[in-house]
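Q: Sending over a structure as structure tokens; questions will come in a sec.
The values are calculated or read from the model by the stated rules, or taken from the named source; none is laboratory data. All of these numbers come straight from a predicted model, not from anything done at the bench. So basically every Cβ, Gly included, is an ideal-geometry build from the backbone, and we count neighbours across all protein chains shown.
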Amino acid sequence: MILRSIQAQNFRNLTAEPIHFHPAANIVVGLNGQGKTNLLEAVYFLATTKSFRTARVASLFRFDSNATFVSGLEHRDGVDRTLSIGLETGETKKRMLQINSERVTLTAYVNALTVFAYSASRLEIVRGAPEERRRFLDRGIASINAGYLEELSRYTRVLRQRNALLQQGTESTLAAWDDEFIATAAAVHRARNAYADAITAAFKRIVNEHRYHVANLEMHYRSSASEENLRAELPRLRRHELRARMSLAGPQRDTIDFLVDGRPAAEVLSGGEQKMIVLFLKFAKLDVFRERRADSPLFLLDDIDAELDLEILQKLVRRLPSETQVFATSAKEVFLTALEAGPHRRLTIENGRVTASRDF
């Protein structure tokens with residue numbers, strides 16, 4: 001899959017002119033604060049309806065605007081098609097997703113264009129809250145399982161209803177929801193467990209391949225949401241859940257632990273080591289995607305900095321399949337040399353506008 005172009009309206013500081021991309025590598029350069037990361041974020045937003053920088057959608061809008069619109073031309077399987085997403089805040093809070101000008105469901109939309117992003121400034125996968133690590137799993141699963149978002153949404157609806165009953169203290173009606181709660185939770189658990197196993201295996205291969213010195217790092221997916229566990233846990237937890245007025249078991253309590261010699265990685269690894277671990281995880285997601293799908297996703301490398309091991313980074317970039325479209329930014333030109341070795345386009349951005357574009 002290739003993103004031929006993108007056009008954004010009221011998205012951060014980006015201007016409304018269309019921006020055209022190279023099918024191989026796109027290197028975005030410019031001074032700090034000019035919009036390099038904003039451009040990569042717009043690509044990610046177009047594909048996922050999310051940001052890789054923030055959970056606050058309102059921060060994506062240009063100042064004094066309550067709406068944003070991003071569209072792009074994708075080439076996949078020999079066919080061009082247009083993707084577009086529009087968001088409005090305020091009282092309406094509308095979202096419109098379209099493919100070739102026809103409205104589509106969220107599941108259909110996010111399966112149209114797959115993108116993975118690495119940002120050196122965000123290390124929540126390793127040191128953030130469990131919610132961030134669950135999001136890491138869920139986004140990866142959705143990239144290879146077209147129906148997963150619907151399964152996750154179904155579980156979320158059941159969880160919301162069950163929590164409402166717990167808040168009302170209506171124990172008599174809880175039992176009627178237990179079977180559906182267990183079934184929907186187990187579907188999420190199975191998908192997360194399988195994906196965690198696949199990512200763990202791919203991660204170990206990459207670390208060993210590059211002989212990284214933090215080779216004793218382990219990734220553990222922890223969950224009690226299997227069907228067997230939930231059937232045993234729910235009766236025991238009933239009194240505690242009524243007191244807490246919320247569900248105390250289920251996928252919403254899953255987490256991933258990153259351990260080095262049994263100790264939390266965030267406590268023993270330096271900032272640079274944590275960034276390398278996150279980079280390895282992103283490349284592991286790429287490997288898993290390619291194992292399951294006969295295609296290559298878009299790959300965003302934002303803010304590549306001096307704390308990363310330059311030699312390993314260059315080897316990782318070189319191992320990417322030739323059909324992978326890459327977008328990269330860095331304040332240090334030396335970190336872009338691996339991408340400049342092959343065909344690429346250099347985009348210079350100033351005040352949110354691409355002022356120069358040159359192919360090499």
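Q: With the checklist (1) surrounded by 12 or more Cβ atoms within 10 Å (Cβ to Cβ); (2) within 24 Å of the chain's Cα centre (by Cα) in hand, flag the one item Ala183 doesn't pass.
A: The single condition Ala183 does not satisfy is (2).
Matching residues to (1) outside any loop (DSSP other than H, G, I, E, B); (2) over 17 Å from His344 (Cα atoms):
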{"residue": "Leu279", "(1), (2)": "yes, yes"}
{"residue": "Lys282", "(1), (2)": "yes, yes"}
{"residue": "Val288", "(1), (2)": "yes, yes"}
{"residue": "Glu291", "(1), (2)": "yes, yes"}
{"residue": "Ile304", "(1), (2)": "no, yes"}
{"residue": "Leu308", "(1), (2)": "no, yes"}
{"residue": "Leu313", "(1), (2)": "yes, yes"}
{"residue": "Ala328", "(1), (2)": "yes, no"}
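Q: With (1) at pLDDT below 90; (2) of a type in the set (Phe, Trp, Tyr); (3) not assigned by TED's automatic domain parsing to the domain that holds Met1 as the list, and Phe289 as the residue in question, which single condition is left unmet?
A: (1)
Q: Do you know which residues across the range 237-263 are over 21 Å from the mean Cα position of the chain (by Cα) and assigned to a strand (DSSP E or B)?
A: Of everything in the range 237-263, those that are over 21 Å from the mean Cα position of the chain (by Cα) and assigned to a strand (DSSP E or B) turn out to be Leu259, Val260, Arg263.
Q: Does the range 313-326 include one or more residues that are of a type in the set (S, T, N, Q), touching a Lys or Arg at 6+ places or on another chain (Cβ under 8 Å), surrounded by 13 or more Cβ atoms within 10 Å (Cβ to Cβ) and assigned by TED's automatic domain parsing to the domain that holds Val29?
A: No, the range 313-326 contains no residue that is of a type in the set (S, T, N, Q), touching a Lys or Arg at 6+ places or on another chain (Cβ under 8 Å), surrounded by 13 or more Cβ atoms within 10 Å (Cβ to Cβ) and assigned by TED's automatic domain parsing to the domain that holds Val29.
Q: From the set of residues in the range 259-273 that are acidic (Asp, Glu) and at pLDDT 90 or above, which is surrounded by the fewest Cβ atoms within 10 Å (Cβ to Cβ)?
A: Glu267
Q: Restricting to the range 26-49, give me the number of residues that are modelled with pLDDT under 90 and closer than 20 Å to Ser84 by Cβ.
A: So the count comes out to 0.
Q: Please find, within the range 189-221, the residue that is modelled with the lowest pLDDT out of those that are of a type in the set (Ser, Thr, Tyr) and closer than 21 Å to Gln274 by Cβ.
A: It comes out as Tyr212.
Q: Tell me, which residue of the range 327-360 that is at pLDDT below 90 and under 15 Å from Pro23 (Cβ atoms) is surrounded by the most Cβ atoms within 10 Å (Cβ to Cβ)?
A: Selected residue: Leu339.
Q: List the number of the failed condition for Glu132; all other conditions in (1) crowded, with 16+ Cβ neighbours inside 10 Å; (2) at pLDDT 90 or above hold.
A: With (1) crowded, with 16+ Cβ neighbours inside 10 Å; (2) at pLDDT 90 or above applied to Glu132, the lone miss is (2).
Q: When the residues of the range 161-176 are filtered to those that are more than 17 Å from Leu230 (Cβ to Cβ) and in a helix (DSSP H, G or I), which remaining residue is nearest to the chain's Cα centre (by Cα)?
A: It comes out as Ala164.
Condition check ((1) of a type in the set (Ser, Thr, Tyr); (2) under 20 Å from the mean Cα position of the chain (by Cα)) across all residues:
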| position | (1), (2) |
| --- | --- |
| Phe283 | no, yes |
| Arg292 | no, yes |
| Asp295 | no, yes |
| Leu301 | no, yes |
| Ile304 | no, yes |
| Lys315 | no, no |
| Arg319 | no, no |
| Thr324 | yes, yes |
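Q: Identify, please: which residue in the range 260-274 is touching a residue at least 40 places away in the same chain (Cβ under 8 Å) and touching a helix residue (DSSP H, G or I) at 6+ places or on another chain (Cβ under 9 Å) and is, among those, farthest from Ala120 (Cα to Cα)?
A: Once the filter is applied, the top-ranked residue is Asp261.
Q: Something else about it: Among the residues of the range 20-37, write down those that are part of a strand (DSSP E or B), buried (at least 22 other Cβ atoms within 10 Å of the Cβ) and out of contact with any Lys or Arg (no Cβ under 6 Å at 6 or more places or on another chain).
A: Ala25
Q: Could you please give the count of residues in the range 330-352 that are closer than 28 Å to Asn13 by Cβ and part of a loop (DSSP other than H, G, I, E, B)?
A: Counting residues in the range 330-352 that are closer than 28 Å to Asn13 by Cβ and part of a loop (DSSP other than H, G, I, E, B) gives 5.
Q: Here is a further query. For the range 61-103, enumerate the residues that are touching a residue at least 60 places away in the same chain (Cβ under 8 Å), within 23 Å of Arg293 (Cα to Cα), touching a strand residue (DSSP E or B) at 6+ places or on another chain (Cβ under 6 Å) and not acidic (Asp, Glu).
A: Gly72, Leu73, His75
Q: Test Ala266 against the criterion of being assigned to a helix (DSSP H, G or I) and over 17 Å from the mean Cα position of the chain (by Cα), and give yes or no.
A: yes
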